[in-house]
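What follows is a short report on a single structure.
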Amino acid sequence: MLKGPEGFAIRLKEAAQRVGGQVELARLSGVPKGTLASYAQGGSEPNVQRLAALAEAAGVNVQWLVFGDGEACSEHAAPYRRSAREEELELIPQLDVEASARTGQPVDLTVDRSPLAFRRAWLRRRGLAPESTRLVAVRGDSMEPTLSEGDSILVDTAITGIRDDAIYVIRAGQELLQVKRLQRDYIGGVWIISDNPAYEDMHLGPEKAGQLEIVGRVTWIARNV
């Protein structure tokens, strides 16, 4: 039995097959798909918490998964089966950034926090595909009263163009993530609007408007009370 990272990657792939593949194992365990793929390719290794989550989701023994010792499964490690209630849910990742409603901040769109569960039917009614939907926390007050500090916004990252007078998550330059209302003008420019009148709106001419990166459109807001 192979030991070390190479052996772990092979056993992880075997574990994934027990539940229908890596995508399903990522869903069941709550480990982001990209992170799980890195584990399976030997690029990195999980911490203790994620090892436990992966073993439980696949229904295998942790000792076997990590070291290759013993049997893959025992009577205490049956393959995981989702309940009928779980079958109705989709896990939506939370970006490990905080969208700024004020000045923006560095962002890495590839890093996820623990996902949150949403009903599949609820997402479908809103035309949202789980693989392109993300949750982001709002910071700042420039979008008051529409968005407030601490709100969570559901972002459809499949929408990367301005479709209407709506709120979008945008990246200014290459480093800053902001949430703003966008409006096109008649000459091909874009107004970047803060709903809070205490903040000035910004206008981009046609050339700069073409360089604006739209991360996604805000489709839903969860507000603290």
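The values are calculated or read from the model by the stated rules, or taken from the named source; none is laboratory data. Keep in mind it's a predicted model, so treat the numbers as computed, not measured. Neighbour counts are summed over all protein chains in view; Cβ atoms, including those assigned to glycine, are modelled from backbone coordinates with ideal geometry. Just the protein is used for accessible areas: all its heavy atoms, side chains included, with ligands, DNA and RNA removed. Shrake-Rupley method; radii C 1.70, N 1.55, O 1.52, S 1.80 Å.
Working carefully through the options Arg18, Arg11, Arg50, Arg27, find the one that is modelled with pLDDT of 80 or more, open to solvent by 30 Å² or more (accessible area, probe 1.4 Å), of a type in the set (Lys, Arg) and in contact with a Gly (Cβ under 8 Å, 6 or more places away or on another chain).
Values: Arg11 fails: open to solvent by 30 Å² or more (accessible area, probe 1.4 Å); Arg50 fails: in contact with a Gly (Cβ under 8 Å, 6 or more places away or on another chain); Arg27 fails: in contact with a Gly (Cβ under 8 Å, 6 or more places away or on another chain).
Result: Arg18 is the single residue among Arg18, Arg11, Arg50, Arg27 that is modelled with pLDDT of 80 or more, open to solvent by 30 Å² or more (accessible area, probe 1.4 Å), of a type in the set (Lys, Arg) and in contact with a Gly (Cβ under 8 Å, 6 or more places away or on another chain).
Please verify whether Ile214 is open to solvent by less than 30 Å² (accessible area, probe 1.4 Å), outside any loop (DSSP other than H, G, I, E, B) and touching a His at 6+ places or on another chain (Cβ under 9 Å), treating the condition exactly as stated.
Details: open to solvent by less than 30 Å² (accessible area, probe 1.4 Å): yes; outside any loop (DSSP other than H, G, I, E, B): yes; touching a His at 6+ places or on another chain (Cβ under 9 Å): no.
No: the conditions fail for Ile214.
Would you call Tyr168 outside any strand (DSSP E or B) and at negative phi?
Numbers: outside any strand (DSSP E or B): no; at negative phi: yes.
No.
Search the range 131-165 for residues being farther than 17 Å from Leu177 by Cβ and of a type in the set (Asp, Glu), and hand back the single one that is surrounded by the most Cβ atoms within 10 Å (Cβ to Cβ).
The qualifying residue surrounded by the most Cβ atoms within 10 Å (Cβ to Cβ) is Glu144.
Of the conditions (1) modelled with pLDDT of 90 or more; (2) within 30 Å of Ala37 (Cβ to Cβ); (3) assigned to a strand (DSSP E or B), Pro115 satisfies every one except a single condition; which number is it?
Condition (1) is where Pro115 drops out.
Just checking, how many residues over the range 174-196 are open to solvent by 10 Å² or more (accessible area, probe 1.4 Å), under 22 Å from Asp141 (Cα atoms) and at pLDDT below 90?
Within the range 174-196, residues that are open to solvent by 10 Å² or more (accessible area, probe 1.4 Å), under 22 Å from Asp141 (Cα atoms) and at pLDDT below 90 number 3.
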